[in-house]
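Chemist: Here you go, one structure.
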Amino acid sequence: MLIRVIGQVVAIMDGEARPVTAPKMACVLATLTVNPGQPVKMSTLIENVWGIDPPASAVDVLYSYIARLRAVFRNADGLHITRAGSRGYVLETDPSNIDVHQIRLLSDRATAQARAGELPTALKLWREANELARGEALMGVGGDWAEEYRAEFRKERQRLMVDRFKAELQLGHHAAVLGELTEVVAREPIAEPLVEQLMLAQYRCGSADDALGVFETTRTALRSRLGADPSPRLHDLHHRILKGDPTLTTPASSEKIPAPITSPGTMPIQLPSPTDGFIGRDDAITSIVAQSSRHRIIVIDGMAGVGKTTLAVHVAHLLAAEYPDGQLFIDLWGYANGAKPISPDQAVSQLLRSLGVEVPDDVMERETTLRTALAGRRMILILDNVHESSQVLPLLPGSATCLTIITSRRRLVGLVDARPVSLDVLSTGHACELFIAETGLDHVDTEVERIVQACGRLPLALLVVAARLRHHPTWTPTDLLARLVRAPKPLDELDGSAHNVVAAFDLSYQDLEPNARRMFRLLSLSPGQDFDTGTAAALADVEPTEADRVLEALVDSHLVIPQRAGRYRLHDLLRHYGSAQLSDEKQGAWRRLVDDYIERAGHAAHLIHPNFGTPDRDPPTYSVPTDRIEAKNWFDAELRAITAIIDTESDLKHYRQVIELCNSAQLYFVHSDMSPLRQQLAQQGADAAENLGDTMNQARMENYLGLSKWESGNFDAAHSHFARALELSRQCGAKMLTTLIDNNIALVYLDQGDARHATEQFLLAAESAAVHGPPMAEAMSRCNAAKALLLLSRIAEAEAQLDRAENIAQEIGDQVEQARIDFNRATSHRLVGDLDTAWAAFGQVADFCRRHNELEGLISALAGLTEVALDQADHLRALTLAHEQLELLTESAPRHVEPETLTQLGRAQSGLGQFEDALESLHAAISSAGQIGADRLKASAEHALGEHLLQRDDHREEALTLLEAATTFYAASGYPQAMQLRSRLAELVGQSEH
């Protein structure tokens, strides 16, 4: 068991790292780890998390965080979060279970060993402590307290390094640690104890001049930053080195220094592989490395194909050790033919997902969430292929601990804090060296120099022509040069000597077989970041086997770059070149491509939801998924291409194609966490339908917008979209669609707590579906109606609806709907007191949902099991199940699930006599339900809290108030609990009067 606060806040249990991704919850845990075993006041927790101006809901939200953290540690031996009086908490664990305390314990042991004269043993302990201390503390946690914590830990880490290097030098390890000390001082140029140790190591290694140079650099830095001179101690060392003091020397040790140990944990490692035998760019590398210690944003600009990305990746790998918290890489499509640049909003969402952070619905909140997630982390970000400054401004970390490297064909003058590094083509010497390395020639001669000049010394062009020579064993450099010189020059869109680059591309292009030339041209139309064989086959109108063969030939020619299995990409310059070769074939190929995506997306959507909007067309014969999981994976890979096609087709006013693709994508989004993109495509589909006057598809898109708002807990917005969808569907007489919308409106009513209205609406939708179809809609609506009827304890009516729904589900073979029916059957058994049958049925539903990755269904099944445990007064089992639900809620569950889970948790805690814990959980449930307008769930939590408070006489008045509020809601909404609570209240009031 270990809690890590160095790096991202992570709990490691049984070898499994479980990051605490919610920044504020991570801050709560970090605060508790400062003094394990010691009480922490509620006011301290709130101030550390929210600062001096917390929201009114801070206490209730804090209760929710504590509940979730307890769920995380529910199975951890020797670690618990307990109450500390009425207004605080304590983390009960041994300090050695927390990394910062491990570091301090190791350091204390090392100091004791050193004082006892056991310096080698002390050094081993200091090394271990230093390895644990790598990285910034509380990565991703924002706020003043977290920043102060990070600053104090940096000082502690520096003292730890000083102690360790002192021992290294005392044992004569100066040569072994010289490189590491040099890197450390480069990062900490005014840390005089470390500077002193570096100077001493350099002197002992025979580099007195270097040591004197470090002193001058430090003196300049101190004067610049602090207006101070070096300390007398450092001056004294400088003087002794000048004199060549022999007492500074010590025998070298033969002890080997082991390689650094990587700390355990998870982090994003997204850098592409570095180029083997990287050649040239020495000045640029030196400049970037030097500037990275003083500036947090570097922009590498230059023409296409000049090697900007290669350089950025190379430098990032060189600096990776200085940024131990990970690397992010994102291609922003600034110059991607046939596709618009990735919007800042899309990029922010992608980065948040890479960091394992849930993407907020609000656009502005996403940007602040990203900055918070990066706060305090020592990370490298590569923002590749940027179009303009505005594209990256929302992506830039606010923390000075991150290094951002940007590549662009433009000079991004709008980034005023960035330091530009402009790339030209390679020098002749480095270009020749690159060509020799790629071709295997043994020397540079006149022909090689002329080939290099003919290629404009552009790295990408050199790689292409080198591949031609390498794959033609009978050619000599003279033959290659002759072909380059004679090559036609049909394209001259780049500046300077770039026509020679085109000549190089022409040579490779003309060397291809006719069918390969044709496919290369047509691949320039592919809209995604990469593409598969199916896309190539559709563009070229050939069989998949032929497409595979031609693609391999293009890979061999360095004109197509293989990605992961079965996928390829074009460099953007080669894409541009290929596009310039297109003639009248372009329009036909693009139409084939769009038709292919419509067909494959429709087929994939059919596999995901076979009973809603299934396509009538036959499925494609190549590159298609065969089951639901493969269909989802296909959408994952092709979503960028689909969105790019939708953008292009919208610009071309091909609205029918836009609508078809948007409809298919929406069925995929039901099982993804990309709700912002779901809203975007639904809006594009709605706009396309409006331009066509297609009222039915307008209604569909409004329905999808409503669903996305419902899932995020924005019930008012959901009602608005559903109302518009219903109006439009009725206008066009789309009765099947009207049925689906009626069902979705009822979902909102149900989650708002109006079960009677929801029942009427569900049954209306079911009767309509029985007449107009689809059958699955009838089954779904009847199952939903049964759920609402069960909430009203109208059990016989609910069972009748379930019987009819089950007949349909079995007839069409829908296993997911059958699981929903089984869940409601289990609820019915529980309500009539058949708890054993209910327990078994809920367990079967949970098993099904685990196998099919149905998160919301799994949480519901666990909630059913929890209710059974509560009915059986098995509060310990109920507590365990509620904690399991809370663990799942840390992922991407709908907002309206949380209040019920917290209420069940509070009831279980109450039954176990955990008065204060239950109080917190139930307050959090009330707050959570109130925030989204889930009135039934709020009343349920108030009911539970009222009953709980009756355990204490001094809370009786508050308890009665809560029970009265719940009774009022139950009575007004027709819930059976109203009668029970009225009797309960009368009894309680009678007791009070006596």
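Chemist: Taking only the Cα atoms of segment 1-69, how large is their convex hull per residue, in Å³? Walk me through the intermediate numbers first.
Modeler: On the way: hull volume 6.4 nm³, N = 69.
Taking the convex hull of the Cα positions in segment 1-69, it is 93 Å³ per residue.
Chemist: Could I ask something else about it? Pairs of alpha-carbon atoms within less than 8 angstrom and 6+ residues apart define the contacts here; what relative contact order does segment 751-833 have, in percent? Please report the intermediate quantities before stating the final value.
Modeler: On the way: 90 pairs, mean separation 22.3, N = 83.
The value is 27 percent.
Chemist: Follow-up. For the chain, what is the largest minus smallest coordinate of the Cα atoms on each principal axis, given in angstrom and ordered from greatest to least?
Modeler: Sorted largest first, the three principal extents are 100, 83, 43 Å.
Chemist: Along the charge dipole of segment 11-88, which of ALA71, ALA84, MET13 sits closest to the positive end, that is, farthest toward it, with unit charges on the beta carbon of Lys, Arg, Asp and Glu (+1, +1, -1, -1)?
Modeler: About the Cα centre, the residue reaching furthest to the positive side is ALA84.
Chemist: On to the next question. Quick one: if you take sqrt(5λ) for each eigenvalue of the C-alpha gyration tensor of segment 514-583, what semi-axes come out, biggest first, whole angstrom?
Modeler: Values: eigenvalues 47, 38, 25 Å².
Taking √(5λ) for each Cα gyration eigenvalue gives 15, 14, 11 Å.
Chemist: Still on this structure, please answer the following. Any chance you could run the full-extension gain for ASN691 through THR478? It's 0.36 nm times the residue separation minus the Cα-Cα distance, nm to one decimal.
Modeler: Values: separation 213, 0.36 × 213 = 76.68 nm, distance 6.01 nm.
Fully extending the segment from ASN691 to THR478 adds 70.7 nm.
Chemist: Turning to a different aspect of this structure: Divide by every residue of the chain the summed helix terms, -39500 (n - 2.57) for each DSSP H run of at least 4, and state the resulting mean residue ellipticity at 222 nm, rounded to the nearest 500 deg cm²/dmol.
Modeler: Details: 43 runs with 631 residues, N = 994.
Helix contribution divided over all residues of the chain: -20500 deg cm²/dmol.
Chemist: Return the tail of the calculated pair distribution for segment 427-488, meaning the percent of Cα-Cα pairs more than 19 Å apart. Write down the numbers at each step before the final one.
Modeler: On the way: 279 of 1891 pairs.
Here the tail beyond 19 Å accounts for 15 percent of pairs.
Chemist: May I pose another question? Taking 0.36 nm per intervening residue step and subtracting the Cα-Cα distance, what contour gain separates ALA637 from ILE285 on full extension?
Modeler: Value of the extension gain: 123.3 nm.
Chemist: Rank the residues THR428, THR643, THR535, THR44 as a footprinting-exposure proxy: fewest other Cβ atoms within 10 Å of their Cβ go first. Don't skip to the end; give the middle numbers.
Modeler: On the way: THR428 13, THR643 23, THR535 26, THR44 17.
Lowest count first: THR428, THR44, THR643, THR535.
Chemist: Dividing the convex hull volume of the Cα atoms of segment 1-149 by its residue count, what figure in Å³ per residue is obtained? Please report the intermediate quantities before stating the final value.
Modeler: Values: hull volume 17.4 nm³, N = 149.
Convex hull of Cα atoms, per residue: 117 Å³.
Chemist: Please sort 592-601, 315-324 by packing, taking for each peptide the average over its residues of neighbouring beta carbons within 10 angstrom, highest first. It would help to have the intermediate numbers written out before the result.
Modeler: Numbers: 592-601: 21.5, 315-324: 18.1.
Ranked from most to least packed, the peptides come out as 592-601, 315-324.
Chemist: Check ILE300: other-chain or 5+ apart residues with amide H under 5 Å from its amide H, H built from backbone geometry?
Modeler: Here ILE406, THR407, SER408, VAL421 satisfy the definition.
Chemist: Another question, then. Between segment 1-42 and segment 76-99, what is the separation of their alpha carbon centroids in Å?
Modeler: Taking the Cα centre of segment 76-99 as reference, the centre of segment 1-42 is 10 Å away.
Chemist: Roughly how many nanometres apart are two label points built 7 Å out from the Cα toward the Cβ at ARG18 and GLU856?
Modeler: With each label placed 7 Å out from Cα toward Cβ, I get 2.5 nm.
Chemist: Classify segment 897-994 from the C-alpha gyration tensor, please: rounded if a/c falls under 1.5, else prolate or oblate depending on whether a/b exceeds b/c. Spell out each step's value before the answer.
Modeler: On the way: a/c = 2.12, a/b = 1.15, b/c = 1.83.
Oblate, since a/c reaches 1.5 and b/c is not below a/b.
Chemist: Relative contact order for segment 282-422: what is it in percent, counting Cα pairs under 8 Å that are at least 6 residues apart?
Modeler: Working: 253 pairs, mean separation 52.8, N = 141.
The normalised contact order for segment 282-422 reaches 37 percent.
Chemist: Next question. Take the alpha carbon atoms of segment 816-884, find their center, do the same for segment 402-472, and report the distance between the two centers in whole angstrom.
Modeler: Distance between centres, Cα-based: 63 Å.
Chemist: Per 0.36 nm of contour for each residue apart, how much would the distance between SER273 and GLU727 grow if the chain were fully extended, relative to their Cα-Cα spacing?
Modeler: Values: separation 454, 0.36 × 454 = 163.44 nm, distance 5.42 nm.
Here the segment from SER273 to GLU727 would lengthen by 158.0 nm.
Chemist: When DSSP assigns beta bridges and you keep just the ones with both residues in the chain, what percent turn out antiparallel, to the nearest 5? Display every interim value, and only then the final one.
Modeler: Values: 19 of 41 bridges.
Percentage antiparallel, nearest 5: 45.
Chemist: What number results when the radius of gyration of segment 313-363, computed over Cα atoms, is divided by 2.2 N^0.38 Å? Can you show the working numbers first?
Modeler: Values: Rg = 13.8 Å, N = 51, 2.2 N^0.38 = 9.8 Å.
Cα Rg divided by the expected 2.2 N^0.38 Å: 1.41.
Chemist: If you count, for each residue, the other Cβ atoms within 10 Å and average over each peptide, how do 802-808, 879-885, 214-220 line up from highest to lowest? Present the calculation step by step, with values, prior to reporting the outcome.
Modeler: Working: 802-808: 19.7, 879-885: 23.9, 214-220: 17.4.
Ranking the peptides 802-808, 879-885, 214-220 by packing returns 879-885, 802-808, 214-220.
Chemist: Greater than 28 Å separation of Cα atoms is the criterion. Which listed pairs, LYS787/LYS938; LYS24/LYS709; LYS124/LYS243; LYS155/LYS308, meet it?
Modeler: Values: LYS787/LYS938 18 Å; LYS24/LYS709 24 Å; LYS124/LYS243 34 Å; LYS155/LYS308 36 Å.
Exceeds cut-off: LYS124/LYS243; LYS155/LYS308.
Chemist: Return the FRET efficiency for the residue pair VAL670, ASN75: r is the Cβ-Cβ distance, R0 is 35 Å, and the value is rounded to the nearest 0.05. Let's see the in-between values first.
Modeler: Working: r = 32 Å, r/R0 = 0.92.
Taking R0 as 35 Å, the efficiency between VAL670 and ASN75 is 0.60.
Chemist: Any idea what the alpha-carbon Rg over 2.2 N^0.38 Å comes to for segment 282-422? Don't skip to the end; give the middle numbers.
Modeler: Numbers: Rg = 14.2 Å, N = 141, 2.2 N^0.38 = 14.4 Å.
With N residues counted in segment 282-422, Rg over 2.2 N^0.38 Å equals 0.98.
Chemist: At a 10 angstrom cut-off on C-beta neighbours, averaged per residue, how do the peptides 150-163, 918-931 rank from highest to lowest?
Modeler: On the way: 150-163: 16.8, 918-931: 24.6.
So the order, starting with the most tightly packed, is 918-931, 150-163.
Chemist: Counting only residues 5 or more places away or on other chains, whose amide H sits under 5 Å from the amide H of GLN563 once H atoms are built in the peptide plane?
Modeler: Placed amide hydrogens put TYR568, ARG569 under 5 Å from GLN563.
Chemist: Turning to a different aspect of this structure: Report the FRET efficiency, 1/(1 + (r/R0)^6), for GLU799 and GLN872, where r is their Cβ-Cβ distance and R0 is 22 Å, rounded to 0.05. The partial results should precede the final answer.
Modeler: Details: r = 23 Å, r/R0 = 1.04.
It comes to 0.45.
Chemist: Any idea what the relative contact order of the chain is, in percent, if you count C-alpha pairs under 8 Å spaced at least 6 apart? Each step should come with its number before you reach the end.
Modeler: Working: 1589 pairs, mean separation 71.7, N = 994.
In percent, rounded to a whole number, it is 7.
Chemist: Still on this structure, please answer the following. So which lysines can LYS586 reach, going by Cα to Cα under 18 Å and dropping same-chain residues fewer than 8 places off?
Modeler: Result set, ordered by chain and number: LYS653.
Every read-out reported here was derived from the displayed coordinates using simple, explicitly stated rules and does not represent laboratory data. As the structure is a prediction and not an experimental result, all values here were calculated from the model. Cβ coordinates were reconstructed from backbone atoms using ideal geometry, including for glycine residues, and neighbour counts include every protein chain displayed.
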